[in-house]
1. On the given criteria, is A:Arg268 open to solvent by 50 Å² or more (accessible area, probe 1.4 Å), within 13 Å of another protein chain (Cβ to nearest Cβ) and assigned to a helix (DSSP H, G or I)?
2. When you check A:Val380 against the structure, is it outside any loop (DSSP other than H, G, I, E, B) and more than 14 Å from chain B (Cβ to nearest Cβ), yes or no?
3. Looking at (1) touching a Gly at 6+ places or on another chain (Cβ under 6 Å); (2) touching a residue at least 24 places away in the same chain (Cβ under 8 Å); (3) not basic (Lys, Arg), find the lone condition where B:Pro406 falls short.
4. Can you name the residue in the range B:58-88 that is assigned to a loop (DSSP other than H, G, I, E, B) and more than 12 Å from every other protein chain (Cβ to nearest Cβ) and, of all such residues, is least open to solvent (accessible area, probe 1.4 Å)?
5. Looking at B:Ala284, B:Ala246, B:Ala238, B:Ala223, which one is of a type in the set (A, V, I, L, M, F, W, C), surrounded by fewer than 16 Cβ atoms within 10 Å (Cβ to Cβ) and touching a strand residue (DSSP E or B) at 6+ places or on another chain (Cβ under 9 Å)?
6. Condition check: outside any helix (DSSP H, G or I) and under 23 Å from B:Ala54 (Cβ atoms). Does B:Leu186 satisfy that?
7. Given the conditions (1) surrounded by 21 or more Cβ atoms within 10 Å (Cβ to Cβ); (2) farther than 17 Å from B:Phe205 by Cα; (3) β-branched (Val, Ile, Thr), report the number of the one that B:Thr119 does not fulfil.
8. Run down A:Phe206, A:Phe181 and say which single residue is open to solvent by less than 60 Å² (accessible area, probe 1.4 Å), touching a residue at least 24 places away in the same chain (Cβ under 8 Å), over 30 Å from A:Tyr309 (Cβ atoms) and out of contact with any Phe, Trp or Tyr (no Cβ under 8 Å at 6 or more places or on another chain).
Amino acid sequence: MTILYVLIAAILLIGVAFAFRSVGKAATGNAPFFRDMPTGVAYGYVLAATLIVLSIWYFFKPLDIDGVPQAGVLFFRWAVIGFAIFAAAAFVFRLIFRHVGTEGSKKLFRSMPLTAAFGIMIIIIYAIFAVFAGFIAPYGQEEVLGAANVVPGGNPALGGNPDYPLGTDQIGRDILSRLIFGAQNTVGIAFVTTCLAFFIGGSLGFLAATLGGWLDQLLSRTVDALMAIPALIFALLLITIATAWAGSSSWLVTIYMIFIIAIIDSTRVFRLSRAVGLNIVVMDYIEAAKLRGEGLGYLVFREMLPNAYAPLLAEFGLRFCFVFLTIASLSFLGVGIQPPLADWGTMVRDLSPFINYAQFAPYAAATPLLAAGAIALLTVAVNFVVDWMLHKSSGLKE
Amino acid sequence: MSDQLLKIRGLKIEGRSDETWNPIINGVDLDLNKGEVIGLIGESGAGKSTIGLASMGFTRDGVRISEGSVVFDGVDLVTASAADKRALLGSRIAYVAQSAAASFNPAHKLIDQHTEGPTQHNVSSRSESQSDGIELYRRLRLPNPEEIGFRYPHQVSGGQLQRAMTAMAMACRPDLIIFDEPTTALDVTTQIEVLASIRDIVEQFDTAAIYITHDLAVVAQMADKIKVLLKGDEVEEADTRTMLSAPTQEYTKSLWAVRSFERPAKPAVISGSTPVVSVKNVTAAYGTVDVLHDVSFDIHEGRTVAVVGESGSGKSTTARCITGLLPPRIGHVEFDGQQLPLDYRKRDKMQLRQAQMIYQMADTALNPRKTIGETIGRPVEFYLGLKGREKRKKVGALLEEIELEPTQYYDRLPSELSGGQKQRIGIARALAAEPKFIICDEVTSALDQLVAEGILKLLAKLQDQLGLSYMFITHDLATVKAISDEVVVMKDGVVVEQGEKADMFQPPHHPYTDLLLSSVPEMDPDWLDNLLEARGVDNIGDAAVDKM
């Protein structure tokens with residue numbers, strides 16, 4: 001039945017699209033914009049307009065019908081308002097840095113798309129939270145406070161408490177403080193792990209590309225073998241073993257985890273840096289350096305590495321997201337960052353039962369979404385910045 | 001119906017960079033009648049290709065036609081609707097790109113790509129256009145016309161692909177074909193074949209053509225009239241013979257004069273003196289296949305030895321043997337009478353320093369992330385041990401030697417230089433090692449003629465000042481004539497002839513040398529006709545090479 005409705009709507013929209021184009025042609029005296037518009041594009045315009053109208057209608061639906069809260073409308077409003085606030089903040093952020101800073105940074109911000117400005121802003125905010133977590137967070141991450149299960153929002157009528165603006169978890173720890181400390185733990189550990197993965201994968205990849213021969217074969221086949229094993233399951237297996245070795249020391253488990261994820265992810269970095277390196281190593285300037293009698297270190301670090309910055313930096317951004325999500329997933333599965341350290345993955349897992357209350361208590365159901373949202377926001381931000389850097393570096397090659 | 005096919009009036013084209021629109025073409029007019037061929041000539045960046053594409057009503061991404069009209073047979077292509085243009089392009093206007101190898105889809109057979117146009121435009125059925133394609137292949141004198149269309153692009157040689165592409169452009173019997181440098185990437189012997197085929201077929205079907213090239217001699221053979229462009233402006237236009245015999249503008253005259261540069265001859269070598277570089281009976285192989293067979297020649301102090309041959313003849317491989325990148329299987333290389341280790345990794349710093357190299361593509365020869373100061377400074381520091389202020393002074397002196405202002409260029413990146421300037425930096429990097437011997441691998445073939453002449457003059461000047469010896473690898477015989485003292489002709493990894501330049505350019509020649517020499521286009525519009533008459537239509541290009 002639903003399929004039938006969708007089909008009817010689609011056919012209706014195609015009709016409207018044709019009408020839209022012919023009206024446009026007639027109204028503008030056959031302007032090239034309407035004249036050369038393919039049917040697909042006309043359909044796209046009509047579909048987009050329809051979706052915008054539907055969204056506006058949904059946005060202004062009442063929050064409460066006969067005492068039953070409309071959770072969907074509430075969440076939709078939060079999403080739209082959040083989007084608007086972030087977009088405005090990014091715009092202001094970009095505007096400020098177009099007029100403040102060095103000549104170079106001003107020029108950079110002038111040609112920057114809004115998405116990249118948003119990404120940089122979020123990364124800076126996260127970095128500040130991560131570095132100064134101890135000063136910013138109102139409570140400690142392990143501090144068990146009086147009231148458990150305080151609903152976020154700080155409105156006593158709905159079960160909130162202004163002292164804990166984002167509420168507390170099942171054993172009464174402040175969620176806002178734990179989110180801020182989570183930035184330190186999750187993001188900090190992900191950053192260290194990614195750096196390590198790049199150090200291992202990058203140096204071996206360039207070595208394989210430059211020297212070739214049996215070393216390249218050995219390294220590449222080892223990497224192939226490692227990549228054949230599903231990453232998350234492999235990490236799970238290794239961490240289980242490492243936990244047995246580490247005994248009761250929780251920080252030792254964390255260090256083992258950093259090394260395990262770094263090695264698994266370094267296989268991906270190896271593949272990329274070897275491919276990039278192979279493209280660079282055939283260049284005439286490398287041949288000129290070889291014929292000059294330069295050593296391996298000079299070739300790799302002075303001649304090759306500067307030309308590989310753009311793809312490696314872009315990969316760093318993506319890899320950081322993957323590592324970060326792997327750690328969050330491992331924490332969610334209970335083997336990652338160990339309690340009582342605050343970690344976003346663990347927080348999502350611990351608070352996940354609340355999602356069942358979404359129908360009748362949307363504020364309570366928002367608790368697990370806060371940590372998940374923190375993860376999503378950083379991932380999106382990093383990807384925006386990476387996209388922008390890739391675009392910039394490909395533009396430079398022209 | 002008038003005779004006029006294409007009429008371009010006040011064409012202005014702009015390109016977008018750094019958020020603003022900058023002019024590329026500043027108002028060019030062009031008239032073309034049915035069956036007429038116009039040659040567009042100019043340096044790179046003159047806007048030749050942009051005009052070529054604009055005459056199809058098309059612009060590249062980030063480029064727009066801001067003013068003017070392009071009227072093709074009564075239809076203004078600038079304002080025409082997408083549907084109207086679709087009907088014209090491919091069927092009445094066709095395009096032949098510079099690199100056929102990059103323009104064919106490697107996943108489809110030639111004939112399948114050939115039949116696509118006629119079937120799309122409902123000109124003929126698939127089987128009709130297929131048999132027509134075979135007929136066109138025959139007329140373009142492709143070998144095995146019945147069978148060649150059923151191959152994939154990678155199974156066909158570059159010259160043949162270029163002709164297959166011309167056949168494809170002909171498939172709908174268009175009124176206008178735009179040739180964008182169709183022979184620039186080909187060897188001279190192959191080029192003749194393609195030129196002859198293109199000219200024949202254009203004449204047979206009375207097709208009008210816009211022929212874009214930077215090679216004056218080529219355009220002299222192909223075009224009825226020539227238009228000279230400079231930085232988006234028209235310099236002058238006249239019919240071919242007038243243009244060649246009596247150009248009116250200074251710029252055109254300077255273009256015409258480029259080919260006259262020739263360095264005075266050097267005295268002959270004193271017999272018995274030790275050569276700087278001596279290649280002794282070198283046989284070298286890639287894998288198990290020998291690509292060089294018993295190559296021997298000497299290079300004496302202060303002299304230039306040009307190594308000439310088609311691509312694949314082993315010129316660059318010989319250079320790789322001398323530098324030690326490819327250790328020879330048999331034979332060795334001597335430097336000042338001393339035998340060099342075969343592998344460059346076994347040579348010491350002094351031996352590496354004595355022989356330097358300048359590359360064909362300055363773009364890949366300079367590290368794009370290093371400033372000019374770093375690029376030239378590295379060999380200064382590495383070989384001469386100079387640091388800090390002394391290094392900077394030495395680099396400055398080198399920059400002056402290659403005629404670039406030191407303070408202006410020291411901190412620039414290669415991307416901020418023109419092609420000719422980049423090539424000069426390559427020369428400075430080689431000079432920085434203070435070598436006795438430099439290998440120049442096709443150093444001017446990627447450059448415009450005026451710029452190339454500047455590089456040749458610079459190399460000649462440096463040779464006189466510093467007593468350098470050059471090994472000059474090239475396929476361009478004009479360059480050989482301009483700069484060399486001795487010539488080595490190579491074919492299929494074998495030296496077919498060698499000797500003093502004066503002797504080499506005088507008959508009698510080895511038949512292959514003769515073929516090479518006579519294949520170089522000359523500025524005489526009758527050159528191709530005379531040559532075809534002398535050789536016979538079936539005995540040009542690859543066919544002639546194969547018969548040897």
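1. no
2. Against the criterion (outside any loop (DSSP other than H, G, I, E, B) and more than 14 Å from chain B (Cβ to nearest Cβ)), A:Val380 qualifies.
3. The one condition B:Pro406 does not meet is (2).
4. My answer is B:Leu77.
5. After ruling out the rest, the residue left standing is B:Ala246.
6. no
7. Among (1) surrounded by 21 or more Cβ atoms within 10 Å (Cβ to Cβ); (2) farther than 17 Å from B:Phe205 by Cα; (3) β-branched (Val, Ile, Thr), the lone unmet condition for B:Thr119 is (1).
8. A:Phe181
The values are calculated or read from the model by the stated rules, or taken from the named source; none is laboratory data. It should be emphasised that the depicted structure is a prediction, and the values quoted were computed from it without experimental measurement. Backbone-built Cβ (ideal geometry, glycine too); neighbour counts: all protein chains shown. Calculation scope for accessible area: heavy atoms of the full protein, side chains included, ligands and nucleic acids excluded. Shrake-Rupley method; radii C 1.70, N 1.55, O 1.52, S 1.80 Å.
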